[in-house]
Structure formats: C-alpha cells, structure tokens
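One structure is given here, and the rest of the page talks about it.
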Amino acid sequence: MHCTIKDRIKQIQDRIDKSARDCGRAPSEIQLVAVGKKKPVELIRQAAQSGVSIIGENYIQEARSKFETLLDQPIRWHFIGHLQKNKAKYAVRIFELIHTVDSLELARELNKCADKAGKVQQILVQVNISGEETKSGIGQSQVLPLIQSIQKLPCLALKGLMTMPPYFENPEQARPYFQALRKLRDSLVKKVSGLRLSELSMGMSGDFQVAIEEGASLVRVGTALFGKR
Ligand SMILES: *Cc1c(COP(=O)(O)O)cnc(C)c1O
C-alpha cells in the first residue's frame, strides 16, 4: 500500500509515544529530529507541513540551500553532522541546536561566531562512547575538561550530550552505549555545579525505541521517515 510521508510521520510518532509510555516516561519528553540529509527539499517541506517541527541536517552546504528555500516554514533546524571550523559561521546562522561539538577549538569558534551574530548558540557535546577511531566525538575521559571550558564561553549554552553507537543489526546491542551516555551525563551533573545537561541525543531509525528506554530526549530518525538514501 502507498504510504505518504504524513502516514510515516504518524507511525514514527506513535512508536515514540508508545516507547515512552511503556517505560514510564511522558511522550512530551522526547522530540523527533527528522533527518533530511540527501533528501529533496520538497520532501522536507511536506514533512514540515505534516507536523514535523525539527529537521536535522548533516551537511552545511545542503542545509543552507534548504534553509533558504524553506524560510516560510516554521522549521527548527538541528545540525547533526561533522562540523568544520570554517563552516561555523553558517551553522550559527541556521541552527537552533548543534549536536556535534567535540573539541574546544570548535566550541571557541562557535562562541566567536555566536557573539558576532548576537546569539547564544545551543550545543550538545558529541561523545565517542565506543572508542572506535573512525567515529567522531570526544573520548569519555575528555568530556569533563571540555565541558568545564565550554561553561566559560558566554555565547554558548550547553544543553546535553549526543552519541552514535556502532551499527548493529540487533538494536539491543546498542543499549550499553545509550546506557553509558546516560550514566556519563548523570556523573557529570553530580561533579559540576550549575550543570544541567537535560538533553540526550541518541537513537536512529533502527534503535530509537531502545534509546528512549535509556533516556533519550532527542531521537534522530531519517530512513524510517524518508526512505533509503
Ligand atoms: C544519518 C544520521 C541519522 C539518521 O539515520 P537513520 O538510520 O537514517 O535514521 C541520525 N544521526 C546521525 C548523526 C546521522 O548522520
């Protein structure tokens, strides 16, 4: 049967809500980030018109073009890709939340651009929980010093942590990585006074239900909404 984007959004939102309730959380605690990378702008428009409010993008060039085209839509743009320092100024212009800050150099550059733009930029710190060398994100042991430095940057607001586990066929195998991110968050909040870290960005098409059980507040779903890339 032909399934429209509106139907798929409803299905995913229903699964998010059910996962939340099944583990005793309020569905409103979890926000869907619809990942639009490599998908045409008109599909993103349809998603926005069907009730999606947050769009996640990985590539600055692509995001700039979509952002310009969809200025008439009330979209909140989130950056979830690897951010190069020389693209920081564009990121600050477009994105409400940048999920992937993983170095002090990048944080400083974003702070500088946010200052120039007269904005406080919301960010997450991306953590490489698995320790795989190919993955971006900062190692667990370096998160505390990074966060303490970020707290001193006046034009950044640190909202939480993000991670991306290795790919598994079976989503249960991703659970320990999600658990580790939550535990890391809990321990950081205990150690650093005034730190909140209320957001945990974790879970994608194949494993967002497990991520929600482990405390995700932002799930990043692409394929399950928009189809294969
Ligand atoms: C592409 C991407 C996603 C979405 O992945 P799907 O498996 O298509 O849902 C989520 N997070 C990040 C960081 C991505 O790059």
Problem - Every pair of residues 6+ apart whose Cβ atoms lie under 9 Å, when the first sits in the stretch 194-212 and is of a type in the set (Lys, Arg) while the second is surrounded by fewer than 16 Cβ atoms within 10 Å (Cβ to Cβ) - result: ARG196/VAL189
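Can you pull out the residues in the stretch 164-188 that are within 16 Å of the ligand (Cβ to nearest atom), assigned to a helix (DSSP H, G or I) and not hydroxyl-bearing (Ser, Thr, Tyr)? First the steps, then the outcome.
Just the residues of the stretch 164-188 that are within 16 Å of the ligand (Cβ to nearest atom), to begin with: 164-171, 173-174, 177-178, 181.
When the remaining residues are screened for being assigned to a helix (DSSP H, G or I), the result is 171, 173-174, 177-178, 181.
Once the filter is applied, which keeps residues that are within 16 Å of the ligand (Cβ to nearest atom), assigned to a helix (DSSP H, G or I) and not hydroxyl-bearing (Ser, Thr, Tyr), the stretch 164-188 yields PRO171, GLN173, ALA174, PHE178, LEU181.
Answer yes if at least one residue in the stretch 104-122 is part of a strand (DSSP E or B) and not polar (S, T, N, Q), and no otherwise.
Pass one, the stretch 104-122, residues part of a strand (DSSP E or B): 121-122.
Now narrow it down to the ones that are not polar (S, T, N, Q): none.
The answer is no; no qualifying residue exists.
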Fill in the blank from the handout: Scanning the stretch 47-86 for residues that are away from the ligand (no atom under 16 Å from the Cβ), over 15 Å from VAL221 (Cα atoms) and touching a residue at least 24 places away in the same chain (Cβ under 8 Å) gives GLN49, SER50, ARG64, SER65, PHE67, THR69, LEU70, GLN73, PRO74, ILE75, LYS85
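Results for (1) buried (at least 21 other Cβ atoms within 10 Å of the Cβ); (2) of a type in the set (Phe, Trp, Tyr); (3) touching a strand residue (DSSP E or B) at 6+ places or on another chain (Cβ under 8 Å), shown as yes or no for each residue.
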position	(1), (2), (3)
PHE95	yes, yes, yes
THR100	yes, no, yes
LEU104	no, no, no
VAL125	yes, no, yes
LEU144	no, no, no
LEU156	yes, no, yes
ASN170	no, no, no
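With the structure loaded, tell me whether ASN111 is surrounded by 13 or more Cβ atoms within 10 Å (Cβ to Cβ) and under 23 Å from PRO166 (Cα atoms) or whether it fails that test. Even if it seems obvious, please write down each step before you answer.
Numbers: surrounded by 13 or more Cβ atoms within 10 Å (Cβ to Cβ): yes; under 23 Å from PRO166 (Cα atoms): no.
No: the conditions fail for ASN111.
Which residues, taken from the stretch 123-150, are acidic (Asp, Glu) and either in a strand (DSSP E or B) or in contact (Cβ under 8 Å) with a residue 24 or more places away in the chain (or both)? Working first, answer last.
Step one: filter the stretch 123-150 for residues acidic (Asp, Glu), giving 132-133.
Listed by number, the list holds a single entry, GLU132.
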Exercise for the section: Filter the stretch 208-228 for residues that are near the ligand (Cβ under 8 Å from one of its atoms) and of a type in the set (Lys, Arg) and give the result. Expected result: ARG220
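We did not get these values from a lab; they are worked out from the coordinates using the rules stated. Computed from a predicted structure; not experimentally measured. No Cβ is skipped: glycine too gets one built from the backbone with ideal geometry, and neighbour counts run over all protein chains shown.
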